[in-house]
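Everything on this sheet refers to the single structure shown next.
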Amino acid sequence: MPDQPRGDAEQLVRVGTRGVAVLRIREALIGLGLMNNPEVQPVTGQHLALDIFDAELDHAVRDFQQRRGLLVDGIVGPATFRALKEASYRLGARILAHQFGSPMYGDDVGTLQSRLQDLGFYSGVLDGYFGLQTHNSLMSYQREYGLSPDGVCGPETLRSLYFLASRVSGGSLHGIHSEEMVRRSGPQLSGKRIIIDPGRGGSDHGLISQGPAGPISEADLLWDLASRLEGRMTAIGMDTFLSRPSNRCPADPQRAAFANDIGADLMISLRCETQASPAPNGVASFYFGNSRGSVSTIGQNLADFIQREVVARTGLRDCRSHGRTWDLLRLTRMPTVQVDIGYITNPRDRSLLVTPQTRDAIAEGILAAVKRLYLLGKNDRPTGTFTFAELLAHEMSVDQAGRISGS
């Protein structure tokens, strides 16, 4: 998967590139302690050529990408540039506030969220995004401690935070809160609001493959899978929404904004993976997780369930689940999982994905994973054996039990 969001070739900086952008990348990594300051050559007294993207810089970039939950490819595109900028901010270096239309991002925001969480005022993920939840949490803190409740983190608020910083930390208030919400919502899927996000779309067709019924584009394959999943979820009583119409390809922040406007319980994004080499293969799932140790607990649980169910039903190679900081995972206010259902550039994966039977198996696997999430481990059925008919019967029995207890 390319450095997200996707950028044009001129936006990518990699080994061999030379120019001002390379200097800025090097300076940022030195400031973060991931590279040493350049030493002066002892004979000539001249500095080394710092505007060349060399092997040392490539190693440092990969180290940074690994720490930040980005694709580790040594290529600096829009997402890595953004992460470098965010990592340079330290709490106190600028005034923080919620800005409509131009939100603030950065490690200083993440530190503020962590301080508020330790003091019991913030229960979200530490995503470094100053949104309404951070704004409201900061106002609550200011109000509680006799400060002007303006939602602005300036010098006075900073001094109080340093003075009152909790001596005890650990655990995840967000994780506890999220798991309690799932428990309270009950095991029944009926009424749950789910966003299904098929990748690509519009003029972005992706690769064209030969299927049993003729050529099928990557976008159409993902749309078909989303439709199969939507049909099953709707039949079971879930409120389902597709993140885009078939003729559009919104950017990931737009997809996240749509999900937030709907107020969904979960978002499941469906993508195919591509690589220049035909060798890589398998299915992988991704949830929000960053270098500050903040993880979407429910997203991680769902990703693990999806991995096990899809692998058991399709025979696709298990590439496991991973925490990432991509926009789609970071900007959604509900647990979000991105499922890369296989490598469309791998002959075996492609031969499986183009068949309706495999897409049916993936759809049933994802639905079974969602059911397992809400059962909270109270079902011991072997992975890969929950059928749609059994899920539907289970829903009806839970609904009937609920009506009897309520009568």
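General remarks:
- Given charges at Cβ of Lys, Arg, Asp, Glu: the chain dipole, positive-most of Ser185, Ser246, Gly263: Ser185
- Cα gyration tensor, the stretch 299-379 - rounded (a/c under 1.5), prolate or oblate: oblate
- Cβ-based charge dipole, the stretch 96-166, positive-most Cα from Gln117, Gly146, Gln99: Gly146
- To put it simply, the accessible area of the chain at a 1.4 Å probe is 52 percent carbon and sulfur.
- Under the convention that each Lys and Arg Cβ holds +1 and each Asp and Glu Cβ holds -1, the size of the dipole of the chain around its Cα centre is about 520 debye.
- Taking every protein chain into account, the accessible area of the chain amounts to 47 square angstrom per residue (probe 1.4 Å).
- Label of the coordinate-derived value, Cα extents along the principal axes in Å, listed as [x] 53, 49, 49; [y] 77, 58, 37; [z] 74, 42, 36: [y]
- For the stretch 174-402, the relative contact order comes to 26 percent (Cα pairs under 8 Å, sequence separation of at least 6).
- Extension reserve of the Asn36-Ala97 stretch, reckoned as 0.36 nm per residue once the Cα distance is removed: 18.6 nm
- Unit charges on C-beta of K, R, D, E only; dipole of the stretch 174-402, Debye: 320 debye
- Extreme residue, positive dipole direction of the stretch 27-154, given options Phe130, His59, Ala87 (C-beta unit charges): Phe130
- Cα centre as origin, Lys/Arg/Asp/Glu Cβ charges: the stretch 96-166 dipole, Debye: 100 debye
The values are calculated or read from the model by the stated rules, or taken from the named source; none is laboratory data. Just so it is clear, the structure is predicted and the values come from calculations on it, not from any experiment. Neighbour counts run over all protein chains shown; Cβ positions are idealised from the backbone, glycine included. Each accessible area value is taken on the protein alone, full model and side chains, heavy atoms only, with ligands, DNA and RNA left out. Shrake-Rupley method; radii C 1.70, N 1.55, O 1.52, S 1.80 Å.
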